[in-house]
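What follows is a single structure, written as structure tokens, with notes after it.
The values are calculated or read from the model by the stated rules, or taken from the named source; none is laboratory data. Treat the numbers as computed from the prediction; the structure is a model and nothing was measured. Neighbour counts run over all protein chains shown; Cβ positions are idealised from the backbone, glycine included. Surface areas here come from the heavy atoms of the whole protein model, side chains and all, with no ligands, DNA or RNA. Shrake-Rupley method; radii C 1.70, N 1.55, O 1.52, S 1.80 Å.
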Amino acid sequence: MSARLMADPDFRAAAGARARDEMPTPPRAMAASAEKGKRRRAWPRWTRSAVKAALVLVPVLGLVGAAGSTWKRGNLAETMEAAQESVIRLTGDMGFRLSEILVVGRSETERDVVLDALGVRRGEPILSIDLADAKQRLEELPWVSSASIERRLPGFLYIRLSERQPMAIWQHDRQFTVIDRAGRPLADAAELARRGNQRIETLPQVIGANAPQQVHTLLSALDGAPTIAPMLSSASWISDRRWNLQLGNGVTVKLPEGNAEMRRALRQLEQMHTASHVLDRDIVAIDLRLPDKAAIQTSATAQLPGWEDDTKKKNGKKS
């Protein structure tokens, strides 16, 4: 006996409702992705380009607005100055402010002296710093021969110094002043000694009212006498005309007037010392003021080349 199953419409409706109720909930990742997609679709694609354009146009519009507001107050120079100040304020608000100062090449110049010469403050807009003016102030410092300064955005100043080299100590009016090769005063020698600077102990002294103005010619002449130069202890500028050298072993060398003549005399002394070590002997002074001649003043125990009979020598005798 066959039987037919009749589909009950109420049964199908109930089954469909149960199927919908029993569907699994989507994973959290799928839900988050869907929500993110909704947010992304909420911003049009042209938004990013608009933001970039706004960042560029804000300073420009600030400049234009400042120029327009100040046009009626004065001439073009005043207008441009006011506009420039407005732009600098804007860049400062954007984070372009001085935060660090890096100095290289500084050896003798004090750190605080450099900062005072710069005249800047941490936190001020870095574009407000006049680099040319700061460079000029740095090069007015005694030790500084040249300076370069540059901005490294957003907040760094990079400074490179070239310092003068101390070459001698000028003795005058009971004072001792360190000078460079050109005779320019650099610092007080006593102060450097108190600070523990041992370099000045190796510098020769120059004596005379106008010695600094002439020291460059002496040092240049000594460059041609590399054996004699390390022996120099002091040099006296005599009668504003010529030099007397005092060597470390106590020997006085009297040089002639004139730059060329002084160079010639030092070359002559160099040759004499190379040939016979005359400066290592017991002598008091060598007078090189006469061309191609050397008058040697000896002590009582002098030992000079070619002198065999020491008994004939007398104190203060010249040869």
- Probe 1.4 Å, all protein chains in place: accessible area of Phe176 in Å², nearest 10? 80 Å²
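When the chain is fully extended, how far beyond the present Cα-Cα distance does His172 get from Ser107, taking 0.36 nm per residue of separation? Walk me through the intermediate numbers first.
Numbers: separation 65, 0.36 × 65 = 23.40 nm, distance 2.60 nm.
Extending this stretch completely gives an extra 20.8 nm.
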- Quick one: divide the alpha-carbon radius of gyration of the range 179-266 by 2.2 N^0.38 Å and tell me what you get. 1.10
- Message: Could you report the accessible area of Val103 in Å², rounded to 10, computed with a 1.4 Å probe on the protein chains as they sit in the structure?
- Response: 40 Å²
- Item | Cleavage-rule hits, trypsin sites (Lys or Arg not before Pro), the range 184-257, DSSP coil, Cβ neighbours within 10 Å at most 16 | Arg195, Arg241
- Query: Sorted by accessible area with a 1.4 angstrom probe, largest first, how do Thr177, Thr202 fall?
  - Reply: Thr202, Thr177
- Query: Rounded to the nearest 20 Debye, what is the dipole magnitude of the range 149-233 about its Cα centre when Lys and Arg each give +1 and Asp and Glu each give -1 at the C-beta?
  - Reply: 320 debye
- Message: Keeping all protein chains in place and using 1.4 angstrom, which order do Arg121, Arg181 fall into by accessible surface area, from largest down?
- Response: Arg121, Arg181
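Assuming a viscosity of 1.306 mPa s and a temperature of 10 °C, what translational diffusion coefficient in µm² per second does Stokes-Einstein assign to the range 196-247, Rh being the Kirkwood radius over Cα pairs? Could you put the intermediate results ahead of the total?
Values: Rh = 11.6 Å.
Answer from the Stokes-Einstein relation: 137 µm²/s.
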- Would you compute, for the Cα atoms of the range 223-305, the largest minus smallest coordinate along each principal axis and list the three values in descending order, in whole Å? 34, 24, 24
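On full extension of the chain, what length is gained from Gln165 through Gln136, given 0.36 nm per residue of separation minus the C-alpha to C-alpha distance?
Working: separation 29, 0.36 × 29 = 10.44 nm, distance 1.97 nm.
Stretched fully, the Gln165-Gln136 segment lengthens by 8.5 nm.
At a 1.4 Å probe radius, which order do His277, His216, His172 fall into by accessible area, largest first? Mind dumping the intermediate values first?
Details: His277 100, His216 80, His172 35 Å².
Greatest to least solvent exposure: His277, His216, His172.
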- Mind grabbing the accessible area of Asp112 for me, 1.4 Å probe, Å², rounded to tens? 90 Å²
- Message: Quick check: from the Cα gyration tensor, does the range 123-253 come out rounded (a/c under 1.5), prolate or oblate?
- Response: prolate
